[in-house]
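A.B. asks: The structure that follows is given in the form of structure tokens.
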Amino acid sequence: MYLKAIKDAFASEIDYAILIKVFGGSPTPEKHYSPAVCSGAEKRVKIGNPDKDKISTSYIERSNLTIRMNMRRFTRLTNAFSKKVENLEYAVSLHFMYYNFVRIHQTLRCTPAMQAGVTDHVWEIEDIVRLADSK
């Protein structure tokens, strides 16, 4: 499903590859919650011509961690779930607007939106509220 979503969203305008990790056998019962040992990885190009040296899961794993740490509804064993899918969409949208337009990142010394040239200033929460109200 993910590859279809990538093709539908970007067609052939991107370079896209996947990294398939190979894990060893299941851990012993006393190590039930320990991760399996990664014994290898295979890089597969799916669309375009990506640089094989840069095919990695590090970026998406970091993004997933940030999402889980900032939105409790994505952590395990939580009661902060959304009963309606629309509410989940709103929560995720608010998170990404705040993360990219309001929050100054220590390594960038500005917001990601400013670094990308999408905006020329740090947004305030009120800016996001006004944007939501205008829709």
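A.B. asks: What pairs come up if the first residue lies in region 2-20 and is over 21 Å from Glu61 (Cα atoms), the second is in a loop (DSSP other than H, G, I, E, B), and their beta carbons are under 9 Å apart, counting only those six or more places apart or on different chains?
C.D. replies: Listed by first residue and then by second, the contacts come to Ser12/Gly48; Glu13/Gly48.
A.B. asks: Then there's this: Of these, Leu88, Leu65, which one is among the hydrophobic types (A, V, I, L, M, F, W, C), in the same structural domain as Ile125 (by TED's automatic domain parsing), under 16 Å from the mean Cα position of the chain (by Cα) and closer than 22 Å to Ile128 by Cα? Working first, answer last.
C.D. replies: Working: Leu65 fails: closer than 22 Å to Ile128 by Cα.
Unique residue meeting the criteria: Leu88.
Residue-by-condition table, conditions (1) over 25 Å from Arg73 (Cα atoms); (2) aliphatic (A, V, I, L, M):
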residue	(1), (2)
Ser93	no, no
Phe101	no, no
His105	no, no
Leu108	yes, yes
Val122	yes, yes
Ser134	yes, no
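A.B. asks: Does Lys84 fit the bill of being among the charged types (D, E, K, R) and surrounded by 11 or more Cβ atoms within 10 Å (Cβ to Cβ)? Reasoning before the result, please.
C.D. replies: Working: among the charged types (D, E, K, R): yes; surrounded by 11 or more Cβ atoms within 10 Å (Cβ to Cβ): no.
The answer is no for Lys84.
A.B. asks: Let me confirm something: among Phe101, Phe96, which residue is over 15 Å from the mean Cα position of the chain (by Cα) and within 18 Å of Pro112 (Cβ to Cβ)? Give the derivation first.
C.D. replies: Details: Phe96 fails: over 15 Å from the mean Cα position of the chain (by Cα).
Phe101 is the lone residue from the list that is over 15 Å from the mean Cα position of the chain (by Cα) and within 18 Å of Pro112 (Cβ to Cβ).
A.B. asks: Now, a different point. Take region 52-86 and flag every residue that is at pLDDT 85 or above and among the small types (Gly, Ala, Ser).
C.D. replies: If the condition is that a residue be at pLDDT 85 or above and among the small types (Gly, Ala, Ser), then Ser56, Ser58, Ser63 are the ones that fit.
A.B. asks: Could you tell me whether region 95-104 includes any residue that is polar (S, T, N, Q) and either over 20 Å from Arg68 (Cα atoms) or surrounded by 14 or more Cβ atoms within 10 Å (Cβ to Cβ) (or both)? Spell out the reasoning first.
C.D. replies: Of all residues in region 95-104, those polar (S, T, N, Q) come to 100.
Now narrow it down to the ones that are either over 20 Å from Arg68 (Cα atoms) or surrounded by 14 or more Cβ atoms within 10 Å (Cβ to Cβ) (or both): 100.
The answer is yes, given that some residue of region 95-104 is polar (S, T, N, Q) and either over 20 Å from Arg68 (Cα atoms) or surrounded by 14 or more Cβ atoms within 10 Å (Cβ to Cβ) (or both).
The values are calculated or read from the model by the stated rules, or taken from the named source; none is laboratory data. Owing to the predicted nature of the structure, the values given are computational and were not obtained by experimental measurement. With ideal geometry, Cβ positions are generated from the backbone for all residues, glycine too; neighbour counts draw on all protein chains shown.
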